[in-house]
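Down below is the structure, laid out as C-alpha cells.
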Amino acid sequence: MGLFIRRIVLVAAVALPSLFCAAQIWSNVGPDGGDARSFASDTAQPGHLFLGTTTSWIYESTDDGDHWHLLSKVADTDSLVVDHIVVDESQPSHLLAGAWVMDRPDGGIFVSEDAGRHWRSVEDMQGQSVRALAQAPSDPKVFVAGTLRGVYESRDGGEHWVLISPAGSTEIHEVESIAIDPAHPAILYAGTWHLPWKTEDGGITWRNIHRGVIDDSDVFSIILDPKRPETVYASACSGIYKSLNGGTIFRKVQGIPATARRTRVLMQDPTNRNVVYAGTTQGLYKTTDAGIAWKRMTPDDIIINDIHISRKNPQHVLLATDRGGVLVSDDGMKTFHTSNRGFSQMQVAALAVDAQHSGSLYAGTLNGKRFGGVFFSLDNGATWVQHSDGLDGRDVYSLMDLDTGNLLAGTSQGVFQWTGTDWKNVGHLWKESTLQVRAVRSARHGKHLPAKIKTKTVADLDELMDGSVRGLAFAGSQWYAATSQGLYRSTDYEFAWRGGAVQGTTDFLNVSAKGRMVLANAGAQMYLSSDAGETWKALALPEGWKRARWVALDDYGQEWVGGRQGVAHSRDQGSTWEVLRLPIVDISGLSYDPRLRRVLVTSYASTMIFGIDPTTMQWRWWNPGWRVHGVQEVKGGLIATTFLHGVVTQPAQPESARSESHGMGNLADSRE
C-alpha cells in the first residue's frame, strides 16, 4: 500500500466516525417543486399521504398534501424512480414501494414496517424494473407486481414473490400496469408495452384482450369500477379505451386529442363513478359522464404522472407532475395551484448570494419550463418566490450578483438582467458598422462649397446572443461570459458584448477572473489572458487529462482546474500543473471563495466538500450528506446546490463546535 493510500485509510478510520457522530445531514431548503411521481394514502388516517420521487426519496404529508416533509430514501442511491407506493389496507405501518431505474433494467420492491421511515429491499425482486404494483382489495396478503420480465405475485404480504406469467414469454413482459378484481384476487389485468392481458385463475392461463385496441399500444394504466368490475378503463399511447364486459371488447373513448393520447394514469372518483380523471403528457382531462365527453382542465404543457382524490373530499384533487411538483385543486380541478411547501426536487444549476442584502439568495434551475427559471429568497432559503417573467422557460446555467445591484442570469439562450420586476435580455452583441455622413460646409468668399462626405463608425446592437451562457465572471469593470458560441466581454452596464471564438474555439464551459487575469475553460482546451481578455494564451491540460470541467483563479495568482482525474493547480500561469492528491476525483464543482479564502471542491462520486487553503495547501472537509456541486459561504456557514434536491444549507452550530463537523488534512503531506 502506497504512502498516500495509507494516509487516506488513516483519515477514514480516525476522522470519519467523529464526523458522522457530530455532523448532521444538511437541511434541504428549496426552492419548492420539481418532479413528483406517485401518491399513496393511509386509509386509517385521512389526509396522511406519501409521495414518491425520481431520486429514491419519499415525502410525507399529514394535511392532505398542503405541506410536505422529507421522510426517507428507499435505498442508498439517487437513481430509483419510485412510481408506486402501496399502504397495506390491513396494517397501515406496512408499506411497499416499487421502483425502477431510468437508464438500465434495474430496481426492485422495498418494504417498510414503520410507516416509511426505514426500508429494506425484498430479495426475490432485487434488480427487477418494477413498473406496476397493487394490493388485492379482497385479500390484503396478496400483492401483484408488473416488471420488465412479467407478472409477479406475493401471497405473504410482499415478503416472497413468484412469476405467474409464462417464463420467457415473448408477449407478457414489459408490464406497465396491473389491476386486480375487487372481489376475486385471481382475476388480474396486465397492461404491457404492446397490449393488455387477463387471467381469471391467478396466472395459470392468460388471454389477450386486445379486441378494439389499436395494435402495439403501450398500456399505461388499467382501472376497474369497484361497484361494477366488468367496467374496465385502459389508457394507452393510442388513447383511452373502455370495456363493459371485462375486457372482451374495448371501444376507444373519444374527446381527447391525438396529441394528448399518452395517458399515463386514470383515476375514478370513489363517490361518483361517472367522474374519471385522465392524466396525460399534455394536461389533465376529466369526464363526468363515464367517458362520453372529456374536458381538459389544465394547460397542455403539464405532464401528469399520478392523481390522488381525497377520501374526505372528492373535490380535493392532487396531481403529481413533471417539473411542477404537486398541483392541488379544491373544486374538482376547475382551478388549481401548486402545493409544494417542503417538497424540493429542483435541479439547481446556479446560486448567487446578494452582496448588498443579508439573507438574500437567488437560485437558477434547469428543466423547469414554466415552473423553473430563477427563485428569490429573502430569508436564507426559508421561503422562495419564483421570479422568471421574461425568461420564457429558459434554463439558467449561471447567476452573478454584484454590489452594483446588477443580477445577471446566463441562460440556455442568452444573458438576462433582473430589472426589479422581470428579466431583460442584455445579450446585445457589439457589431461595428460604417456610416457615410454628409457634412454641410460653410460659405467662403461668398461661394457655397460642396458638402464633404465623412465616414463614422457606430455600434450595431440589434443582434443578440443565441447560445447557452454556461459561466459568468466579473473583475475590475469587465463582465465575461462563457458561451456555446464563444467567449464574450462587456465593459459597460449597457452590456454590449464583444468577442466570439478564441483561437478557433467557440464552445466554452466556464470562466474565472481576478483583476486583469482571466481563465476560460472549453473542456479540451483552456485559455489564459493577462490583459483583461485582449489577448489569449492557450494552456495545456495537466498531463494525462483529456478534458477540464471547472477552472478558477484565487487571490494569490494561482490557476486551478478540476476534472475527471481530480484537481490540479499552477503557480506559473499554466506552464506546469501539479495534480493534488485529494481523496476524491470526478469533480462536479470547483470555485474560489474569497470570504473563506479557500478553493471549494465537490465530486459526482461523493458527498464530501473539500476546502483547500491555497497558501498552505492544508484542507478541511465537510460531509453534507448530499451530492452537491456548488458551494458558497453565507453568514459563517456553507450553502450548496444539488443536482436533484434544490439548495441545502449547513445546520447552525456554535463556533466552538464547527471544527468537529469537518476533517483536517495537508495536501503537502499527501504526496508520495
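Observations on the model:
- Residue count, the stretch 380-416 (criterion: in a strand (DSSP E or B), more than 15 Å from Ala363 (Cα to Cα) and without any contact (Cβ under 8 Å) to a residue 12 or more places away in the chain): 0
- Flag for Ile187 being surrounded by 22 or more Cβ atoms within 10 Å (Cβ to Cβ) and touching a strand residue (DSSP E or B) at 6+ places or on another chain (Cβ under 9 Å): no
- Here Arg117 passes the criteria (1) within 22 Å of Thr54 (Cβ to Cβ); (2) among the charged types (D, E, K, R); (3) in a strand (DSSP E or B) except the one numbered (3).
- If you go through the stretch 203-239 and pick out every residue that is of a type in the set (A, V, I, L, M) and out of contact with any Gly (no Cβ under 7 Å at 6 or more places or on another chain), you end up with 6.
- Residue check for Trp577: among the hydrophobic types (A, V, I, L, M, F, W, C) and not assigned by TED's automatic domain parsing to the domain that holds Leu638: no
- Selection status of Asp462, outside any strand (DSSP E or B), modelled with pLDDT of 70 or more, surrounded by 10 or more Cβ atoms within 10 Å (Cβ to Cβ) and assigned by TED's automatic domain parsing to the domain that holds Glu534: no
- Pick from the stretch 593-636, criterion aromatic (Phe, Trp, Tyr) and in a loop (DSSP other than H, G, I, E, B), ranking: modelled with the lowest pLDDT: Trp626
Per-residue answers, yes or no, for (1) of a type outside the set (A, V, I, L, M, F, W, C); (2) surrounded by fewer than 17 Cβ atoms within 10 Å (Cβ to Cβ):
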| site | (1), (2) |
| --- | --- |
| Asn313 | yes, yes |
| His316 | yes, no |
| Thr321 | yes, no |
| Val328 | no, no |
| Ser344 | yes, no |
| Ala352 | no, no |
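- Listed by position, the strands (runs of 3 or more DSSP E) contained in the stretch 228-328 that have at least 2 residues being over 28 Å from Asp64 (Cβ atoms) and of a type in the set (A, V, I, L, M, F, W, C) are 232-236.
- Meets criteria (within 19 Å of Thr642 (Cβ to Cβ) and either in contact with a Cys (Cβ under 8 Å, 6 or more places away or on another chain) or among the aromatic types (Phe, Trp, Tyr) (or both)) for Phe376: yes
- Sole exception among (1) acidic (Asp, Glu); (2) on the phi > 0 side of the Ramachandran plot; (3) crowded, with 16+ Cβ neighbours inside 10 Å for Asp216, by number: (3)
- Scanning the stretch 43-88 for residues that are part of a loop (DSSP other than H, G, I, E, B), among the small types (Gly, Ala, Ser) and within 24 Å of Ser310 (Cβ to Cβ) yields Ala44, Gly47, Gly65.
The values are calculated or read from the model by the stated rules, or taken from the named source; none is laboratory data. These figures come from a predicted structure and were not determined experimentally. Quick reminder, even Gly has a Cβ in these numbers, built from the backbone with ideal geometry, and neighbours come from all protein chains shown.
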